[in-house]
1. How many angstrom lie between the C-alpha centres of region A:121-150 and region A:1-47?
2. Under 26 Å between C-alpha atoms is the cut-off here; go through region A:5-148 and count lysine pairs that meet it, provided they're at least eight residues apart or on different chains.
3. Measure off, as a whole percent, the carbon and sulfur share of the 1.4 Å-probe accessible area of chain A, all protein chains present.
4. List, by residue number, every residue in region A:108-150 with a reduction of 20 Å² or greater in accessible area between the chain on its own and the complete protein assembly, 1.4 Å probe.
5. Please name whichever of A:TRP32, A:VAL61, A:LEU123 sits farthest to the positive end of the charge dipole of region A:5-148, dipole taken about the Cα centre and charges placed at Cβ: Lys and Arg +1, Asp and Glu -1.
6. From the phi of every residue in region A:87-95, what ³J(HN,Hα) in whole Hz does the Karplus formula 6.51 cos²θ - 1.76 cosθ + 1.60 yield, where θ is phi - 60° and glycine or proline is x?
7. Which whole-Hz ³J(HN,Hα) couplings does region A:72-79 yield from phi under the Karplus relation 6.51 cos²θ - 1.76 cosθ + 1.60, θ = phi - 60°, glycine and proline marked x?
8. How much accessible area per residue does the protein assembly as shown have, in Å², with a 1.4 Å probe?
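The values are calculated or read from the model by the stated rules, or taken from the named source; none is laboratory data. In this text the structure is predicted, and so the values were computed from the model without any measurement. Please note: Cβ atoms are built from the backbone with ideal geometry, for glycine as well, and neighbour counts cover all protein chains shown. Protein only, heavy atoms only, side chains kept; ligands, DNA and RNA dropped before computing areas. Shrake-Rupley method; radii C 1.70, N 1.55, O 1.52, S 1.80 Å.
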Amino acid sequence: MNWNQDKSLKLTRISIGIFTAILMGMCAGAPWLYRIFIELRAPFLEGKLYWLLATNYATAVPVAAALYQMNRLLSNISRDEVFVAENTRCLRILSWCCLAAGVIFGISGFYYIAFWALCVAALFMALVLRVIKNVFAQAEKIKEENDYTI
Amino acid sequence: MPIVVNLDVVMAQRKISAGDLAKAIDITPANLSVLKNGKAKAVRFTTLEALCKALECQPGDILEYVSEE
């Protein structure tokens, strides 16, 4: 198969669509899903349904925001607008979304310790995005200088 | 910026239009406009050379240093 940038962007767009569907499914079916999960994990999560639901819906907000920002980022990239201020802003918001999710998982870890693993993963992701955001900010400056070199 | 581009003055003296000059030095009219309006961050030696050749002048006629103090 002849792979190119357009196909790669399309694949990423499809992935974002799949994750959006998963998020919507998790929000709509959360009570049912967590009841099954609690039964599987009994007796560790006995009576923790509302805590799990709170974690789920609280995390859904930064995840939805992150998916929206990723879609914006991809729209800009597909228009060949890569090193622009808006993309740097998108990456900064994405980093903050990961940090918010990390904080929520960190707090949730006090009632179910496995959330701390997700907390560390989300915080690490926030750090990676922060570094990429810094690279984009620098690249934006270099591009501007290059654009205004006649 | 303390570097002032006097390109419009030299162009007026030589009676050459922006379009003709852009064509002569092989840059786009948009880029020439950036240069003329002092928005450029840097000028390539090749561009400067082409400008001097087309306008029959020295780099000092186009660029001038004005102290900010």
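1. Computed from Cα coordinates, the inter-centre distance equals 29 Å.
2. Details: A:LYS7/A:LYS133; A:LYS7/A:LYS143; A:LYS10/A:LYS133; A:LYS10/A:LYS143; A:LYS133/A:LYS141; A:LYS133/A:LYS143.
Number of lysine pairs found: 6.
3. Working: 6620 of 9530 Å².
Roughly 69 percent, rounded to a whole number.
4. Buried by 20 Å² or more upon assembly, which counts only protein chains, are A:GLU144, A:GLU145, A:TYR148, A:THR149, A:ILE150.
5. A:TRP32
6. In residue order, the calculated couplings are 5, 4, 5, 4, 5, 5, 5, 4, 4 Hz.
7. Result, ordered by residue: 4, 4, 5, 4, 5, 5, 5, 8 Hz.
8. 65
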